[in-house]
Amino acid sequence: MTIPRELSLKTVKGNVILAQNPVSELSSLRGTDFSVNNVSVTPQSGNILGTVNGNAYEIDVELQLPNSGAATEFGFRLREGGGQKTVVGYRSTDNKMFVDRSASSRTDFTTNFTTLHEAVVQPVNGVIHMHIFVDESSLEVFGNDGTVVFSNIILPDSSSSGMSFYVSGGTVVVKTLHVYSLKIHGEVRCSWQYRTMNSAGSPIAGTRSRRSSMHMKIP
């Protein structure tokens, strides 16, 4: 089951696309916040996430590619430990965002389990935006405000709770980074509204909003 999403139409480079973003009500699940602002990171930098760990969390980050000396690749190693990791990254050489789960855990239980997913994402004014949700068995990535979305199953050991930020081939500026722990135990109530939006972000005439709700008890 994926997280609830809001769908909208957006215009990207003259093309109208269907964008998906997590509903705002999910912010009610946020716990503690670790944040970083306006920090330049190079391959020689230490891990800016070295003090952060967890098995269920949300990452919201804006990454700026400088005009010169920009990194060729950067991203996150998530659910890391004991030789396991799932990589969410971006390559500036071909403008592709990707999820690599080849080392996430066991991957050989079916031939249909693909380990690499990628899609073209163009920087907007030199900025790449990633919105990531991670829990015990899933990973969801919303790139550049939902213009690209990845939904993946991962099956790491519960002890694989580390995370790191990596950079290759140059510099990237972490404009804003928030890592929120997620409250997934106990009773969770969530409601959301489906809206049909046009490329300007306004409701399309003749369509109606529809509100749904979800109630879960998680031991």
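Every number here is computed from the coordinates shown, using simple stated rules; none is lab data. Given the structure is predicted, the values throughout are model-derived calculations rather than measurements. With ideal geometry, Cβ positions are generated from the backbone for all residues, glycine too; neighbour counts draw on all protein chains shown.
Descriptive notes on the structure:
- Set of lysines near Lys85 by C-alpha distance (under 26 Å), chain-local residues within fewer than 8 positions excluded: Lys96, Lys175, Lys183
- Segment 28-123: chymotrypsin sites (Phe, Trp or Tyr not before Pro) in DSSP coil with no more than 10 other Cβ atoms inside 10 Å: Phe109
- Cα shape, segment 1-85, gyration tensor, a/c 1.5 rule: oblate
- Projected label distance in nm at Leu18 and Ser102, using a 7 Å step from Cα toward the beta-carbon: 3.1
- Ile153-Val39 FRET efficiency (beta carbon distance; Förster radius 25 Å; 0.05 resolution): 0.20
- Stretched out straight at 0.36 nm per residue, the stretch from Glu25 to Ala119 would grow longer than its current Cα-Cα span by 31.1 nm.
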